[in-house]
Amino acid sequence: MIWRSLACALLAWLVFAGASQALRETERLEKQTELLRVRLPLPVQIAYSGGDAFLAANINVFRGMMVDAKVSEPETYRIQAQLQADAAWLNPWHEDNYYVGAAILPWNGQVDAAQYVLKQASMARAWDMWPPFFYAFNAMYFEHDMNQAGEWAELAAQRHPTNAGALRDMAAKWYERGDDPVFALGILNAMHEQSRDDNFRRLLEARMQRLEGLRALRSAQQAYQAEQGKPPASLEDVVGYAGLAQLPHDPLMLGYVLDAAGVPQLVDHVASRKSQ
């Protein structure tokens, strides 16, 4: 029995040595870049991993991490997005998966997959502020959905008391920049009622006052356009309509502006800096 085990071990070693020698003599490419071309169906991934869903998720994440940062080919990132979405389904707790997804996928045109990965991680990792924070950023930056951005930034704030003030300030800004001032006012008012931070409450009050001004301006703009049959050319044109006696005061001193369609909008800090 012992001799048989030794013979098997020796045979295995000879096979390994022969394979190693063959690989040494094989001509190597000067430069090799990992491109992804294959994504197997989920049942097959699990079967190849011996029924271990976590192992299947690890393999997908490892494959994604092997892609060279210099790769710009869209097909590779399409497959990587599928692999990382599969990994999120197999193991939504996987930390590397959501970090890689947030850092790579949206910047390469795979926003939907990145958001799916981050949403799965947010629901599974109830203690972790980063998945909802990255989700909020993607909603703001890539999807231009300020209400979603504010909602997810608020969720991140609830999970990290130390940074809650900064995160809620961020959420407030994104809600404020959404296109529905009535909805934004409701959210900011709820945040104001729940907050115990006096400085943050004062900032929220200023933002709510800005939104009240925007709501009044839009009501006046709609009344003006209904009567005149054309959009206003300036903010001053809407004074006197819908009960607007004068242009509203902005406590943040940023002001309001008409967009190309004549609809009043808030001036944000970025636009204010660019105009200076």
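Would you mind telling me which numbered condition in (1) crowded, with 24+ Cβ neighbours inside 10 Å; (2) within 21 Å of W93 (Cβ to Cβ) A153 fails? Here A153 clears every test but (2).
Checked against (1) in a helix (DSSP H, G or I); (2) without any contact (Cβ under 8 Å) to a residue 12 or more places away in the chain; (3) not polar (S, T, N, Q), H144 passes all but condition (1).
Of the residues making up the stretch 89-135, not one is among the acidic types (D, E) and either touching a strand residue (DSSP E or B) at 6+ places or on another chain (Cβ under 9 Å) or buried (at least 23 other Cβ atoms within 10 Å of the Cβ) (or both).
Identify all residues within the stretch 251-264 that are part of a loop (DSSP other than H, G, I, E, B) and under 18 Å from P232 (Cβ atoms); write none if there are none. Working first, answer last.
Step one: list which residues in the stretch 251-264 are part of a loop (DSSP other than H, G, I, E, B), which gives 251-255, 259-263.
Of everything in the stretch 251-264, those that are part of a loop (DSSP other than H, G, I, E, B) and under 18 Å from P232 (Cβ atoms) turn out to be G255, D259, A260, A261, G262, V263.
Grab the helices (runs of 4 or more DSSP H) fully contained in the stretch 155-247, keeping just those with 1 or more residues being in contact with a Ser or Thr (Cβ under 9 Å, 6 or more places away or on another chain) and not aliphatic (A, V, I, L, M).
Details: elements: 164-176, 181-194, 198-228.
Per the criteria, 164-176, 198-228.
Taken over the stretch 35-53, the criterion of being among the small types (G, A, S), surrounded by 13 or more Cβ atoms within 10 Å (Cβ to Cβ) and more than 27 Å from the chain's Cα centre (by Cα) is satisfied by S49 alone.
Every residue, every condition in (1) among the aliphatic types (A, V, I, L, M); (2) over 28 Å from the mean Cα position of the chain (by Cα); (3) surrounded by 15 or more Cβ atoms within 10 Å (Cβ to Cβ), yes or no:
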position: M208; (1), (2), (3): yes, no, yes
position: S219; (1), (2), (3): no, yes, yes
position: A223; (1), (2), (3): yes, yes, yes
position: A233; (1), (2), (3): yes, yes, no
position: L244; (1), (2), (3): yes, yes, yes
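Across the stretch 122-172, the qualifying residues are those that are among the polar types (S, T, N, Q) and modelled with pLDDT of 90 or more, and the one among them that is farthest from L105 (Cα to Cα) is Q158.
Return yes when D198 is more than 17 Å from the chain's Cα centre (by Cα) and either surrounded by 15 or more Cβ atoms within 10 Å (Cβ to Cβ) or more than 26 Å from L258 (Cβ to Cβ) (or both) and no when it is not. Here the answer is yes, as D198 does meet what is asked.
Checking the conditions here, which among L244, L188, L211, L235 is at pLDDT 85 or above and under 22 Å from Y141 (Cα atoms)? It would help to see each step written out before you state the result.
Working: L244 fails: under 22 Å from Y141 (Cα atoms); L188 fails: at pLDDT 85 or above; L235 fails: under 22 Å from Y141 (Cα atoms).
So the residue among L244, L188, L211, L235 that is at pLDDT 85 or above and under 22 Å from Y141 (Cα atoms) is L211.
A Cβ distance below 6 Å, combined with a sequence gap of six or more or placement on separate chains, defines the contacts here; from the stretch 156-181, residues that are under 18 Å from L217 (Cα atoms) and free of Cβ contacts under 8 Å to residues at least 24 places away in the same chain reach no residue that is surrounded by 18 or more Cβ atoms within 10 Å (Cβ to Cβ) and not hydrophobic (A, V, I, L, M, F, W, C). Whenever a residue of the stretch 72-89 is within 12 Å of I104 (Cβ to Cβ) and among the polar types (S, T, N, Q), its partners that are at pLDDT 90 or above and surrounded by fewer than 24 Cβ atoms within 10 Å (Cβ to Cβ), lying with C-beta atoms within less than 7 angstrom and at least six residues away or across chains, give the pairs Q84/A113.
The values are calculated or read from the model by the stated rules, or taken from the named source; none is laboratory data. Since this is a predicted model, take the numbers as computed values, not measurements. We place every Cβ from the backbone using ideal geometry, glycine too, and count neighbours over all the protein chains shown.
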